[in-house]
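Have a look at the structure below before the remarks.
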Amino acid sequence: MLALGISAALPAAQAQQAPAVATAAPPMYGVARIWQLGSYCQLSLSDGVTPTREYDYVQENGKARRFPDEAAVLNYLYALGWEVLPNGVHEDRYRYLLKRRTP
């Protein structure tokens, strides 16, 4: 009888517990556009979650960040945790598909 009373109270206690809040995982895929602008490059980055436009460049100190070359941009993306896959060239910009690296 005692076991029956405890087992009946258990579902009620579980129902009163607050559900666990799921933490948002970082996006798995993204797109990068590297713009070649004379002697430097700029990066437009879309993570597939945050709304961005094609000409929204990565900012540094309130200004579009300038990278010395394409390799510097690729190293920056790697440091952010992205695996970079080429996805073509269009005029003065290079496109890349991004995939989050797994630890």
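The values are calculated or read from the model by the stated rules, or taken from the named source; none is laboratory data. All values reported here derive from a predicted model rather than from experimental measurement. Heads up, the Cβs are rebuilt from the backbone with ideal geometry, glycines too, and the neighbour counts pull from every protein chain shown. The area values use the complete protein model at the heavy-atom level, side chains included, leaving out ligands, DNA and RNA. Shrake-Rupley method; radii C 1.70, N 1.55, O 1.52, S 1.80 Å.
Conditions (1) open to solvent by 50 Å² or more (accessible area, probe 1.4 Å); (2) polar (S, T, N, Q), marked per residue:
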{"residue": "39", "(1), (2)": "yes, yes"}
{"residue": "42", "(1), (2)": "no, yes"}
{"residue": "46", "(1), (2)": "no, yes"}
{"residue": "50", "(1), (2)": "yes, yes"}
{"residue": "54", "(1), (2)": "yes, no"}
{"residue": "64", "(1), (2)": "no, no"}
{"residue": "71", "(1), (2)": "yes, no"}
{"residue": "79", "(1), (2)": "yes, no"}
{"residue": "86", "(1), (2)": "yes, no"}
| said: The conditions are (1) in contact (Cβ under 8 Å) with a residue 40 or more places away in the chain; (2) more than 19 Å from residue 25 (Cα to Cα); (3) touching a Pro at 6+ places or on another chain (Cβ under 9 Å); (4) open to solvent by less than 50 Å² (accessible area, probe 1.4 Å), and residue 94 fails exactly one of them. Which is it? | reply: (4)
| How many of the residues in region 83-94 are within 16 Å of the chain's Cα centre (by Cα) and closer than 14 Å to residue 43 by Cα? | 1
| field | residue 27 being part of a loop (DSSP other than H, G, I, E, B), open to solvent by less than 60 Å² (accessible area, probe 1.4 Å) and modelled with pLDDT under 95 | value | yes
